[in-house]
1. Within the group 65, 70, 41, which residue is farther than 18 Å from residue 106 by Cα and among the polar types (S, T, N, Q)?
2. Determine if segment 22-45 includes at least one residue that is surrounded by 12 or more Cβ atoms within 10 Å (Cβ to Cβ), charged (D, E, K, R) and farther than 22 Å from residue 1 by Cβ.
3. Of the residues 44, 16, 23, 38, which is in contact with a helix residue (DSSP H, G or I) (Cβ under 6 Å, 6 or more places away or on another chain) and more than 29 Å from residue 88 (Cβ to Cβ)?
4. Any chance segment 49-63 includes a residue that's part of a loop (DSSP other than H, G, I, E, B) and among the aromatic types (Phe, Trp, Tyr)?
5. Mind listing whichever residues of segment 64-108 are small (Gly, Ala, Ser) and either within 12 Å of the ligand (Cβ to nearest atom) or part of a loop (DSSP other than H, G, I, E, B) (or both)?
6. Residues that are surrounded by 15 or more Cβ atoms within 10 Å (Cβ to Cβ), more than 16 Å from the ligand (Cβ to nearest atom) and free of Cβ contacts under 8 Å to residues at least 24 places away in the same chain: does segment 49-58 have at least one?
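Read the figures in this text as sums done on the coordinates, not as results from a lab. Predicted model only: the values in this text are computed from it and were never measured. Neighbour counts run over all protein chains shown; Cβ positions are idealised from the backbone, glycine included.
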Amino acid sequence: MYTTETLNVLRTLNSLEKELRGLSSGSEEAQLIERQMLVTSAQLPTSAQSFHDQFAIRGKPSVVSIAGSSCAGCHLKLPSGTLGELRAPGRFIVCPHCCIYIWSGENALEEIAAPKKRISRKRILAL
Ligand SMILES: [Zn+2]
């Protein structure tokens, strides 16, 4: 697990890469973003750079925000225990499905999806 600071640097790097994809390569603006990416990347420990590169090669971010009760990377629903860990703002966890880092966002999760109430079989038979 990386420090919160490292993960925030990864988030910055991801947003710079996203910005770069929207620019024409070789343009002055793109070169500026590329320089910012080099400076940002240099702040990361080598292991975090390697981790990031594994996703960047495939054009994917290394850190995503939570999307409802799912991972924004793989779109699979997260277990309730994992969601509980993301309750506090600014928390990071690793997605148990795709191993990407998930960020809880600026605000605490207002509501963790509660399991739907199930009517027991006995109760249905009694109706
Ligand atoms: Zn995932």
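1. Being farther than 18 Å from residue 106 by Cα and among the polar types (S, T, N, Q) holds for just one of 65, 70, 41, which is 41.
2. The answer is yes, given that some residue of segment 22-45 is surrounded by 12 or more Cβ atoms within 10 Å (Cβ to Cβ), charged (D, E, K, R) and farther than 22 Å from residue 1 by Cβ.
3. Working: 44 fails: more than 29 Å from residue 88 (Cβ to Cβ); 16 fails: more than 29 Å from residue 88 (Cβ to Cβ); 38 fails: in contact with a helix residue (DSSP H, G or I) (Cβ under 6 Å, 6 or more places away or on another chain).
Going through 44, 16, 23, 38 in turn, the sole match is 23.
4. Let us first name the residues in segment 49-63 that are part of a loop (DSSP other than H, G, I, E, B), namely 57-62.
If we keep only those that are among the aromatic types (Phe, Trp, Tyr) as well, we get none.
Checked against the condition, which is being part of a loop (DSSP other than H, G, I, E, B) and among the aromatic types (Phe, Trp, Tyr), segment 49-63 yields no hits at all.
5. 65, 67, 68, 69, 70, 72, 73, 88, 90, 104, 105, 108
6. Taking segment 49-58 and keeping what is surrounded by 15 or more Cβ atoms within 10 Å (Cβ to Cβ), we get 49, 51-52, 55-56.
If we keep only those that are more than 16 Å from the ligand (Cβ to nearest atom) as well, we get 49, 56.
Applying the additional criterion that residues be free of Cβ contacts under 8 Å to residues at least 24 places away in the same chain yields 49.
Yes: segment 49-58 contains one or more residues that are surrounded by 15 or more Cβ atoms within 10 Å (Cβ to Cβ), more than 16 Å from the ligand (Cβ to nearest atom) and free of Cβ contacts under 8 Å to residues at least 24 places away in the same chain.
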